[in-house]
Amino acid sequence: MFKFLKEKIASWAKKISKDKSEPEKAESMPKSGKIKEEKIKREKPEKSEKLKETEDIETKPEKESFFKKLAGKISKTTISDEEFDSYSEDLQNLLLENNVAYEVAEKIILELRKRIIGKEILKKEIESDIRDSLRDTIEGLLIEPFDIVSRITAKNLANKNEPYVILFVGINGTGKTTTIAKIAHYLKGKNISSVVAAADTFRAASIEQLKKHGEKLGVKIISQQYGADPAAVGFDAISYAKKNHINCVLIDTAGRMHTAKNLMKEIEKISNVCKPDLKLFIGESITGNDSVEQAKSFNFAIGIQGIILAKADVDEKGGTALSVGYAIKKPILFLGTGQEYDKLEPFDKRKFTEKLGL
Ligand code: GDP
């Protein structure tokens, strides 16, 4: 993740720092010193005494320029509106090229502008100051994730025999089935039992796919025949969990197309019947703006509370992860980082900005 963005942000901050902290050339080489030096060089000193004198005079301008440079680094500077504007277009372009949604790129620049314009910065610290400001800006846009394990445990403790119900929505092919299996595996590792409702009764092979995961993980899959009412499958799974003291119900849903009205109606119906405690959107890290638009559609239909982004391991750009949460103002809870069950990372804002080299 952030293969390109990391390098480009680093050189962007470096460029501002270089432009602002390099002392004027004229300043580092005073005219008088230069003329004197040239004159002396033309004379050919014969005696060693004369040679020494010449050396002393020749090194003087260099020493002076060194101290001037040093003074330049210790002294403070500010970045003006105009200067910021001349650099912000580059930043905006490199964010957009790396899948950051337009609204998010604009917001980053706006926030960064507020943080650095007019602020007194030590010249030697310009680069680190800009990077710190960018890190704080990005962390400020990412929403703090919550811990699903403590939510599940809290509900189980408060209502005996009441399982915690999670509804998963997303488009086919994004990694939804695999991610649900990963969540079941993750919960198992935390001593939380789960049952999966195969409520995508539309897509050929989806029930078999889930059953295979269930066999491997030792997790029960509740299913009906293809074409059955998905809400009824979810309801069955909840009843099964209550009877068998299972902590959590994971409901898979169909994902034909986020624009299809009947799909959204179907999801709304499952949501109304099963009354999930948590509605999670599963998107793909690599698809950029498509994921952002999908998240918005599902959020509009049923109100999403959290996001899981699959395939973060094959995403070289990283902009989707930066954008999707901000777009619907909901946190990313996990990143999918591979095809195996244990390749599911709880999302950590700090670690995320570290990947950006900030
Ligand atoms: P669904 O149609 O949305 O249910 O998608 P699947 O769960 O069938 O996944 C589609 C493909 O993506 C499969 O080949 C998965 O192994 C793969 N996949 C899922 N999650 C990840 C991930 O985090 N990283 C990688 N590299 N591949 C993944």
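Listing for the model above:
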| item | result |
| --- | --- |
| Residue in region 157-166 that is more than 16 Å from the ligand (Cβ to nearest atom), among the polar types (S, T, N, Q), outside the structural domain of residue 12 (by TED's automatic domain parsing) and farther than 20 Å from residue 331 by Cβ present | yes |
| Residue in region 336-353 that is hydroxyl-bearing (Ser, Thr, Tyr) and within 17 Å of the chain's Cα centre (by Cα) present | yes |
| Residue match in region 192-209 (condition: away from the ligand (no atom under 13 Å from the Cβ) and acidic (Asp, Glu)) | no |
| From 285, 323, residue being of a type in the set (Ser, Thr, Tyr), within 22 Å of residue 98 (Cα to Cα), away from the ligand (no atom under 16 Å from the Cβ) and not assigned by TED's automatic domain parsing to the domain that holds residue 137 | 323 |
| Verdict on residue 286 being among the aliphatic types (A, V, I, L, M) and assigned to a strand (DSSP E or B) | no |
| Matching option when the condition is aliphatic (A, V, I, L, M), closer than 18 Å to residue 322 by Cβ, modelled with pLDDT under 90 and assigned to a helix (DSSP H, G or I), among 94, 70 | 94 |
| Condition check for residue 171: within 21 Å of residue 234 (Cα to Cα), at pLDDT 95 or above, surrounded by 14 or more Cβ atoms within 10 Å (Cβ to Cβ) and within 16 Å of the ligand (Cβ to nearest atom) | no |
| Close pairs from region 205-232: first closer than 17 Å to residue 173 by Cα, partner at pLDDT 95 or above and in a strand (DSSP E or B), Cβ under 7 Å, at least 6 apart | 206/198; 207/198; 210/196; 210/198; 210/221; 210/252 |
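Here is a yes/no grid of residues against (1) more than 16 Å from the ligand (Cβ to nearest atom); (2) in the same structural domain as residue 292 (by TED's automatic domain parsing); (3) in a strand (DSSP E or B); (4) free of Cβ contacts under 8 Å to residues at least 24 places away in the same chain:
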| position | (1), (2), (3), (4) |
| --- | --- |
| 317 | no, yes, no, no |
| 338 | no, yes, no, no |
| 354 | yes, no, no, yes |
| 357 | yes, no, no, no |
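The values are calculated or read from the model by the stated rules, or taken from the named source; none is laboratory data. Note that this is a predicted model, so its numbers are computed, not measured. Note that each Cβ is placed from the backbone with ideal geometry, even for glycine, and that neighbours are counted across all protein chains shown.
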